[in-house]
Amino acid sequence: GSRKLVEVLQEELQKHGLTDKIKITITGCHGFCEQGPLMIVEPDKTFYVRVQDSDVAEIVEQNLVGGQVVERLLYKDPNTGEPAETYESVPFYAKQQRLVLHNCGHINPEDVAEYIANDGYAGFVKALLDMTPEEVIEDVKKSGLRGRGGAGFPTGMKWSFVRQATGDKKYVVCNADEGDPGAFMDRSVLEGDPHAVLEGMLICGYAVGADEGYIYVRAEYPLAIERLKIAIAQAEQYGILGDNIFNTGFNFHIKIKAGAGAFVCGEETALLTSIEGNRGMPRVRPPFPAQKGLWGKPTNLNNVETYANVPYILRHGGDNYAKLGTEKSKGTKIFALTGKVNNTGLVEVPMGMTMRDIIFTIGGGIQGGKKYKAVQIGGPSGGCIPEENLDLPVDYDSLTAAGAMMGSGGLVVMDETTCMVDVARFFLTFTQSESCGKCTPCREGTKRMLEILTRICDGEGNMEDLDTLERLGRVVKNTALCGLGQTCPNPILSTLRYFKDEYIAHIRDKR
Ligand code: SF4
């Protein structure tokens with residue numbers, strides 16, 4: 001409804017003769033999906049939620065003309081009913097640390113000047129003019145940044161592999177093929193701050209010695225593609241992208257490749273195969289993309305959020321970045337908070353915050369005062385975290401130890417009414433239909449596991465099914481060719497680990 005609001009707001013400003021004095025900025029997503037459409041009045045930061053067309057005249061008359069806040073449109077805490085007047089005082093934002101998202105919801109993503117005015121491209125200029133490529137890689141290594149796409153591989157180390165690889169031509173690729181159900185982190189960054197991703201790729205290109213980049217973005221994200229196109233054109237116009245950038249002899253061009261929506265194309269080798277114009281199927285590794293990637297050339301591949309962290313690291317230094325987070329998981333992480341939680345939306349928190357804080361403080365607790373049951377983290381490749389693990393710090397290693405994984409950042413909260421066997425079946429149905437069929441463990445294993453799960457859900461399972469399911473899950477995890485197959489049993493294995501009684505209840509109930 002935001003577009004219509006802008007039109008109504010323009011009309012109202014015109015009526016009051018305010019069009020010269022008050023500027024409307026259309027921003028990307030502000031993250032607080034539950035309360036949208038949002039309107040912020042600057043410079044006071046007055047924060048209006050769930051604004052409808054019919055509210056606009058009152059905001060203009062009472063606030064913009066009269067200087068009085070419209071109380072009824074302020075955010076109210078769902079538990080206490082307390083209103084929050086400014087953006088910063090809303091509990092949803094107060095405990096976040098919006099480092100990657102700092103521009104999202106604040107600047108016009110279609111105006112490069114607004115990005116530059118907020119320190120945009122300062123990291124790239126510093127890297128290009130004051131640092132050697134090796135110093136840039138060293139700084140990224142110092143920051144401790146790990147890939148935000150799921151596996152958590154150290155970014156600086158990956159860059160150094162590509163830098164050291166021999167080849168006359170190298171590529172930088174951005175994975176924007178976000179496909180997990182319930183995940184929209186990359187989409188929001190691309191729509192709200194596309195230049196941050198371009199800047200991260202430029203810094204990477206300079207560091208690894210590449211002159212060409214590709215952004216592989218799913219075609220289901222038309223606004224993200226549109227804003228990327230505008231951002232690339234503006235960066236070229238400003239001489240930030242192109243040949244001989246700032247007369248340094250450094251050349252860098254970025255192209256967009258729209259993916260057709262296959263989940264497996266988020267796997268790095270399938271993604272590269274798809275850019276090459278072939279059917280997106282994973283390849284056997286090694287060789288890894290750092291040695292033999294796009295068109296057989298050394299290629300650096302990171303996801304949207306990883307690249308969007310890089311400008312901050314260059315601006316503030318790797319040492320400063322490394323002060324955020326835990327010993328082995330540095331910086332912040334963006335999560336898409338969805339499901340049965342009061343404050344659904346996009347949140348960015350320092351690594352190491354507990355899941356309890358994310359769900360109950362930032363998320364405002366469970367809808368309708370119901371009891372928390374579990375949160376599915378990491379989408380169809382992830383696992384469930386039950387109540388007893390809510391105080392675990394959210395970082396790569398703790399989550400893996402708990403049988404889940406960071407994944408790209410989808411968080412689906414479930415309450416006491418959710419059947420965990422159904423949840424496992426939902427995610428397995430998704431991965432089974434997205435399995436590309438190249439390797440036997442995943443092609444056959446996902447089908448057989450789904451058959452067993454369906455049998456259990458239909459009340460026709462038996463106790464032996466549980467052992468078969470667990471054994472099959474471990475075999476597929478250990479033998480599948482790519483990450484999709486290696487992680488798709490996670491929802492089954494983690495629900496069997498923490499909620500086996502629900503499987504048993506399904507089996508016993510039939511009798
Ligand atoms: Fe294809 Fe699944 Fe094998 Fe990956 S694990 S190559 S998706 S069949």
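The values are calculated or read from the model by the stated rules, or taken from the named source; none is laboratory data. Bear in mind the structure is a predicted one, so any value in this text is a computation, not a measurement. Cβ coordinates were reconstructed from backbone atoms using ideal geometry, including for glycine residues, and neighbour counts include every protein chain displayed. All accessible areas refer to the heavy atoms of the entire protein, side chains included, with ligands and DNA or RNA removed. Shrake-Rupley method; radii C 1.70, N 1.55, O 1.52, S 1.80 Å.
A single entry from Leu428, Leu411 fulfils the requirement of being open to solvent by less than 20 Å² (accessible area, probe 1.4 Å), within 14 Å of the ligand (Cβ to nearest atom) and either closer than 28 Å to Ser188 by Cα or of a type in the set (Phe, Trp, Tyr) (or both): Leu428.
If you go through segment 1-39 and keep only what is touching a residue at least 60 places away in the same chain (Cβ under 8 Å), aliphatic (A, V, I, L, M) and touching a helix residue (DSSP H, G or I) at 6+ places or on another chain (Cβ under 7 Å), you end up with just Ile26. The residue that is modelled with the lowest pLDDT, among those in segment 469-511 that are more than 16 Å from the ligand (Cβ to nearest atom) and not in a helix (DSSP H, G or I), is Arg511.
Of note, Gly485 satisfies the criterion of being under 24 Å from the mean Cα position of the chain (by Cα) and small (Gly, Ala, Ser).
Among the residues making up segment 431-465, none is within 16 Å of the ligand (Cβ to nearest atom) and over 27 Å from Ala262 (Cβ atoms).
Does Phe250 fit the bill of being open to solvent by 20 Å² or more (accessible area, probe 1.4 Å) and touching a Leu at 6+ places or on another chain (Cβ under 9 Å)? It is true that Phe250 is open to solvent by 20 Å² or more (accessible area, probe 1.4 Å) and touching a Leu at 6+ places or on another chain (Cβ under 9 Å). Would you confirm, using the coordinates I've provided, whether Thr417 is modelled with pLDDT of 95 or more and more than 21 Å from Gly483 (Cβ to Cβ)? For Thr417, the condition - modelled with pLDDT of 95 or more and more than 21 Å from Gly483 (Cβ to Cβ) - is met.
Yes or no, residue by residue, for (1) farther than 18 Å from Gly378 by Cβ; (2) without any contact (Cβ under 8 Å) to a residue 24 or more places away in the chain:
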| site | (1), (2) |
| --- | --- |
| Arg448 | yes, no |
| Ile452 | yes, yes |
| Glu460 | yes, no |
| Arg471 | yes, yes |
| Lys477 | no, yes |
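Among the residues of this structure, Glu82 counts as one that is surrounded by fewer than 18 Cβ atoms within 10 Å (Cβ to Cβ) and farther than 30 Å from Asn309 by Cβ. Only a single item in (1) surrounded by 21 or more Cβ atoms within 10 Å (Cβ to Cβ); (2) in contact with a strand residue (DSSP E or B) (Cβ under 6 Å, 6 or more places away or on another chain) is not met by Ile203, and it is number (2). Show me the helices (runs of 4 or more DSSP H) entirely contained within segment 97-145 in which 3 or more residues are open to solvent by 50 Å² or more (accessible area, probe 1.4 Å). Qualifying helices (runs of 4 or more DSSP H): 122-130, 133-143. Exactly one residue among Leu13, Leu64, Leu38, Leu74 is closer than 26 Å to Ala183 by Cα and buried (at least 16 other Cβ atoms within 10 Å of the Cβ), and that residue is Leu38. In segment 388-399, the count of residues that are aliphatic (A, V, I, L, M), part of a strand (DSSP E or B) and away from the ligand (no atom under 16 Å from the Cβ) is zero. The numbered conditions (1) open to solvent by 40 Å² or more (accessible area, probe 1.4 Å); (2) touching a His at 6+ places or on another chain (Cβ under 9 Å) are all true for Ile240 except (1). The single residue among Tyr171, Tyr221 that is in contact with a helix residue (DSSP H, G or I) (Cβ under 6 Å, 6 or more places away or on another chain), of a type in the set (Ser, Thr, Tyr) and within 21 Å of Asn244 (Cβ to Cβ) turns out to be Tyr171.
Would you mind stating whether Asn278 is open to solvent by 40 Å² or more (accessible area, probe 1.4 Å), within 16 Å of the ligand (Cβ to nearest atom) and out of contact with any His (no Cβ under 9 Å at 6 or more places or on another chain)? Against the criterion (open to solvent by 40 Å² or more (accessible area, probe 1.4 Å), within 16 Å of the ligand (Cβ to nearest atom) and out of contact with any His (no Cβ under 9 Å at 6 or more places or on another chain)), Asn278 qualifies.
With the requirement that a residue be among the small types (Gly, Ala, Ser), modelled with pLDDT of 90 or more and part of a helix (DSSP H, G or I), what does segment 364-387 give you? Once the filter is applied, which keeps residues that are among the small types (Gly, Ala, Ser), modelled with pLDDT of 90 or more and part of a helix (DSSP H, G or I), segment 364-387 yields Gly368, Gly369.
Of all residue pairs spaced 6 or more apart or on separate chains, those with beta-carbon atoms under 7 Å, a first member in segment 480-493 that is closer than 17 Å to Ser408 by Cα and a second member that is acidic (Asp, Glu) and assigned to a loop (DSSP other than H, G, I, E, B) are Cys482/Glu267; Gly483/Glu267; Leu484/Glu267. Checked against the criterion of being touching a strand residue (DSSP E or B) at 6+ places or on another chain (Cβ under 9 Å) and either of a type in the set (A, V, I, L, M, F, W, C) or outside any helix (DSSP H, G or I) (or both), segment 57-68 contains one or more residues that satisfy it.
Within 12 Å of Val172 (Cβ to Cβ) and away from the ligand (no atom under 16 Å from the Cβ): is that true of Val310 in this structure? Criteria met by Val310.
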